[in-house]
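Below you'll find the structure, written out as structure tokens, and then a few comments.
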Amino acid sequence: MFWFKSKKTKGLKFLDGATDIHCHLLCGVDDGFDSLSESYELLAQEQNAGLKRVYLTPHSMGAEGAVVDRQTHPRHHKKKNISPVEENIPEDGIVSSAVLLARNEAKYDESARLSQYASEPLGGYSNQHLKERFEEYKKYYTGGVELRLAAEYMMNKELLAKVQAKDLLTYADGVHVLVETSYFAPPVEMTEILYTLAVNGYKPIIAHPERYLYMTKKDYRNLKATGYEFQLNYLSLTHYYGDEPYERALDLLDNGLYSFAGSDYHRISTFYHLMPHFHLNSDRTDKLLKLFENNCTI
Ligand SMILES: [Fe+2]
């Protein structure tokens, strides 16, 4: 069990009753968890801390079947613990979950499969594919956290097509959608994408704005004033992403620009390394708690 530390809330089970709206626990897709056992272990730790519900939000970064090179893409850090079966996955597409399961079952017994889950290339996944992987994930989960599926969409041309087709994995309210950009430069279509989302009835939530170093304070305020909402990666409050995102996160939190909070966990080591060192003062703790309350409304 972990505790978030602050002058006011030391000892409080900070995540009591909370919903996490952003994480990469869905195994085998994107650059998140490879291991079901580690993914479930993290859920168990968070459940001990009081977490009630979590949205699994795998990346959707392009057209269906598109592949993003993890080693060179500026958006992502290198993935660790690649499954041994990854070498069998073609570079030009996504292998169906049924094929992956068949491969796994041929190579491993059940216990091994839980710790060495197949890994797919980071790239474009169809909603149907993510739903299939989600059903597989839930099939082996025996813990008490309520699991839901959404996605984290990269803002690009391909997203525009999905929006116009109304083919997005939203939060439970059917309208809120998690979107992201590169950390270093805005997409040329950013204004058009956000506007198109809005006119098609969606409410975009811009993930971890504190990490977009190209954004100015004026950018943040203009986006917020236009009606777009921001989601804090609470790990930003630990310097996990560096000093600049840390300072920006504090500024955005202090000025009430966030609407939601999420973990964005990609691996369990982050949890074990960072949570013992998480400190917030009482004012910021109250603000973060408010974001978690808002998480339950979508
Ligand atoms: Fe994410």
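All of the numbers you see were taken from the coordinates with simple rules; none came from a lab. For clarity, every value in this text was computed on a predicted model and none was experimentally measured. Every residue, glycine as well, gets a Cβ built from its backbone with ideal geometry; the counts of neighbours run over all protein chains shown.
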> To the nearest 20 debye, what is the magnitude of the charge dipole of the stretch 168-298 about its Cα centre, counting +1 on the Cβ of each Lys and Arg and -1 on the Cβ of each Asp and Glu?
Replying inline: 80 debye
>> Using the Karplus curve 6.51 cos²θ - 1.76 cosθ + 1.60 with θ = phi - 60°, what ³J(HN,Hα) values do you get for each residue of the stretch 156-162, in whole Hz, with x for Gly and Pro?
In response: 7, 4, 5, 5, 3, 5, 5
> Which of the peptides 139-151, 38-50 is most tightly packed, and how do the rest follow, going by the mean number of other Cβ atoms within 10 Å of each residue?
Replying inline: 38-50, 139-151
>> List the residues, sorted by chain then number, that are 5 or more residues from residue 126 or on another chain and whose placed amide H is less than 5 Å from its amide H.
In response: 65
>> Quick check for you: which residues of the stretch 222-245 have the amide N under 12 Å from the point 7 Å beyond the Cα of residue 213 toward its beta carbon?
In response: 241-245
> Amide H to amide H under 5 Å from residue 23: which residues, 5+ apart in sequence or cross-chain, H placed 1.01 Å off N in plane?
Replying inline: 57, 264
> Using a basic spin-label model with each label point 7 Å from the Cα along Cα→Cβ, how many nm lie between residue 167 and residue 192?
Replying inline: 1.9 nm
> Which distance in Å, rounded to a whole number, links the C-alpha centroids of the stretch 144-166 and the stretch 264-296?
Replying inline: 24 Å
> Between their Cα atoms, which of 52/203; 203/287; 52/218; 218/287 are more than 32 Å away from each other?
Replying inline: 52/218
> Expressed in nm to one decimal, what extension gain is obtained for the pair residue 185 and residue 270 from 0.36 nm per residue of sequence separation less their Cα-Cα distance?
Replying inline: 28.0 nm
> Using mean Cβ contacts within 10 Å as the protection proxy, how do 228-235, 192-199 order, highest first?
Replying inline: 228-235, 192-199
> Sequence-distant or interchain residues sharing an amide H contact under 5 Å with residue 203, placed H: which?
Replying inline: 176, 177
